[in-house]
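I have placed the structure first, in the form of structure tokens, so that the comments after it can refer back to it.
The values are calculated or read from the model by the stated rules, or taken from the named source; none is laboratory data. No experiment lies behind these values; they were computed from the predicted model shown. Cβ coordinates were reconstructed from backbone atoms using ideal geometry, including for glycine residues, and neighbour counts include every protein chain displayed. Protein only, heavy atoms only, side chains kept; ligands, DNA and RNA dropped before computing areas. Shrake-Rupley method; radii C 1.70, N 1.55, O 1.52, S 1.80 Å.
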Amino acid sequence: MHNQAVFILAIESSCDDTAASVLQNDKVLSNVVANQLIHNQYGGVVPELASRAHQQNIVPVIDAALRKANIQKEQLSAIAFTQGPGLMGSLLVGSSFAKSLSLALNIPLIAVNHMQAHILAHFIAEEDYTKPTFPFLALTISGGHTQIVRVNDFFDMEIIGETTDDAVGEAFDKSAKILGLPYPGGPLVDKYAQLGNPKAFAFTKPKVPGLDFSFSGLKTAILYFVQKKVAENPDFIAENINDICASIQHTIIEILMDKLKLAVKETGIKQIAIGGGVSANSGIRNTLKEAEKKYGWETFIPKFEYTTDNAAMIGIVGYHKFLLENFETSSVVSKARIQF
């Protein structure tokens with residue numbers, strides 16, 4: 001069976017993007033994402049609006065993914081979906097559709113951990129992309145997660161460091177909000193940072209033991225810094241936006257790199273892979289590439305389309321679970337929080 005072509009339809013609906021992808025074995029045939037712009041006016045994702053938008057988008061998105069892949073639904077080998085973590089209402093839309101379709105087609109149902117998918121996205125077959133070999137260290141950075149994971153095999157992963165409070169993506173977005181930038185602010189901080197001086201302003205890095213992270217204190221420090229400077233000069237933000245963003249980004253990257261260097265020292269593993277929405281940040285990507293020469297690391301940086309929430313990463317996990325015949329029944333439940 002496994003020598004034949006395996007076609008996986010993957011569905012991702014953990015937050016505010018409705019995504020569907022079709023994979024033939026480990027190769028992506030289509031990867032379609034529908035964004036929800038309605039949240040921009042609220043400065044963040046509104047869960048109820050997100051789940052309603054998923055209901056509107058899911059059929060057209062899956063139809064587009066199948067058509068783009070030139071695959072009939074009868075050719076599918078299995079349906080993979082995001083079980084968690086994520087927003088419960090959003091997850092339920094994807095899981096309900098996946099369950100219904102797997103029953104209708106009488107094909108296996110595969111549940112996928114969203115954070116494991118960010119890591120295993122590195123195993124999507126791409127031209128001119130070298131895949132990491134086991135074991136390697138994965139830095140998963142997103143709006144809700146900041147983790148260092150020791151990856152021993154496809155489904156043998158151990159979190160060796162994680163945030164004790166806020167995630168790095170939240171630190172970027174909240175900093176942007178403090179500066180009056182629109183949501184989502186993280187990409188805008190990155191954009192302005194490329195034009196500024198990263199040493200213009202100094203922010204104290206939190207002292208957290210071991211491999212764990214903390215970003216709540218940094219957010220507070222940035223807030224007080226901006227409030228003080230604006231009280232002295234009402235035009236401070238407008239006049240210094242590039243330098244402020246560059247300094248914030250530089251501090252966050254230093255925090256991440258300090259922990260990565262410690263993780264390499266403790267484990268002896270010099271293969272580093274990044275994943276999650278914040279791994280699209282140009283400063284982080286550039287710093288990791290420089291680390292190859294500076295520290296002798298081998299770094300793995302995914303294509304932009306596989307960094308933010310997408311269904312191709314769900315599909316690659318689905319494919320490897322299919323090979324192991326790791327299937328679920330329709331009684332499987334979605335989980336807002338899920339064991340790694």
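Which pairs do you get when a residue that is under 23 Å from P135 (Cβ atoms), found in segment 154-183, comes within reach of a residue that is open to solvent by 50 Å² or more (accessible area, probe 1.4 Å) and of a type in the set (K, R), reach meaning Cβ atoms under 6 angstrom, with the pair 6+ apart or on two chains?
Cβ pairs passing all conditions: E158/R150; I160/R150.
Restricted to segment 137-195, and to residues that are surrounded by fewer than 20 Cβ atoms within 10 Å (Cβ to Cβ) and polar (S, T, N, Q), which residue is farthest from P302 (Cα to Cα)?
Only one residue tops the list, namely T164.
List every residue pair whose Cβ atoms lie under 6 Å apart, where the two residues are 6 or more positions apart in sequence or sit on different chains, the first residue falls within segment 242-268 and is surrounded by fewer than 22 Cβ atoms within 10 Å (Cβ to Cβ), and the second residue, located anywhere, is assigned to a helix (DSSP H, G or I) and among the aromatic types (F, W, Y).
Close Cβ pairs (under 6 Å, with a partner that is assigned to a helix (DSSP H, G or I) and among the aromatic types (F, W, Y)) amount to N242/Y192.
Can we say L218 is under 23 Å from L139 (Cβ atoms), assigned to a helix (DSSP H, G or I) and not charged (D, E, K, R)?
Yes; evaluated as a whole, the condition is true for this residue.
Given the criterion surrounded by fewer than 21 Cβ atoms within 10 Å (Cβ to Cβ), at pLDDT 95 or above and not hydrophobic (A, V, I, L, M, F, W, C), identify the matching residue among E74, E127.
After applying the criteria, what remains is E74.
Among (1) out of contact with any helix residue (DSSP H, G or I) (no Cβ under 8 Å at 6 or more places or on another chain); (2) buried (at least 19 other Cβ atoms within 10 Å of the Cβ); (3) closer than 30 Å to D153 by Cβ, where does S14 come up short?
(1)
Filtering segment 295-328 down to residues that are at pLDDT 95 or above and charged (D, E, K, R), which residue is farthest from C15 (Cα to Cα)?
E298
Looking at (1) touching a helix residue (DSSP H, G or I) at 6+ places or on another chain (Cβ under 8 Å); (2) part of a loop (DSSP other than H, G, I, E, B); (3) at pLDDT 95 or above, find the lone condition where G86 falls short.
(3)
Quickly run through segment 94-103 and pick out the residues that are open to solvent by 20 Å² or more (accessible area, probe 1.4 Å) and in contact (Cβ under 8 Å) with a residue 24 or more places away in the chain.
F97, K99, L101, L103
Please verify whether segment 307-317 includes one or more residues that are among the hydroxyl-bearing types (S, T, Y), closer than 19 Å to H114 by Cβ, outside any helix (DSSP H, G or I) and touching a helix residue (DSSP H, G or I) at 6+ places or on another chain (Cβ under 9 Å).
Within segment 307-317 (the criterion being among the hydroxyl-bearing types (S, T, Y), closer than 19 Å to H114 by Cβ, outside any helix (DSSP H, G or I) and touching a helix residue (DSSP H, G or I) at 6+ places or on another chain (Cβ under 9 Å)), the answer is yes, since at least one residue qualifies.
Suppose we filter A221, A273, A280 for residues that are farther than 30 Å from V61 by Cβ and of a type outside the set (V, I, T); which single one remains?
That would be A221, the only listed residue that is farther than 30 Å from V61 by Cβ and of a type outside the set (V, I, T).
Quick one: which residue in P206, P182, P198, P132 is in a loop (DSSP other than H, G, I, E, B), touching a Gly at 6+ places or on another chain (Cβ under 7 Å) and farther than 18 Å from G86 by Cα?
Answer to the selection: P206.
Among residues belonging to segment 121-160 that are among the hydrophobic types (A, V, I, L, M, F, W, C) and under 11 Å from the mean Cα position of the chain (by Cα), point out the one that is farthest from D173 (Cα to Cα).
For segment 121-160, the residue satisfying everything is A121.
Return the pairs, sorted by first residue and then second, in which the second residue is assigned to a loop (DSSP other than H, G, I, E, B) and acidic (D, E), the first residue lies in segment 200-221 and is under 15 Å from T163 (Cβ atoms) and without any contact (Cβ under 8 Å) to a residue 60 or more places away in the chain, the beta carbons are less than 8 Å apart, and the residues are 6+ apart or on different chains.
The qualifying pairs are S214/D165; S214/D166; S216/D165; S216/D166; K219/D166.
Quickly run through segment 293-306 and pick out the residues that are part of a helix (DSSP H, G or I) and within 13 Å of H122 (Cα to Cα).
Within segment 293-306, F304, E305, Y306 qualify.
Go through (1) more than 28 Å from I255 (Cβ to Cβ); (2) open to solvent by 10 Å² or more (accessible area, probe 1.4 Å) and name the single condition P85 misses.
Looking at each condition in turn, P85 falls short on (1).
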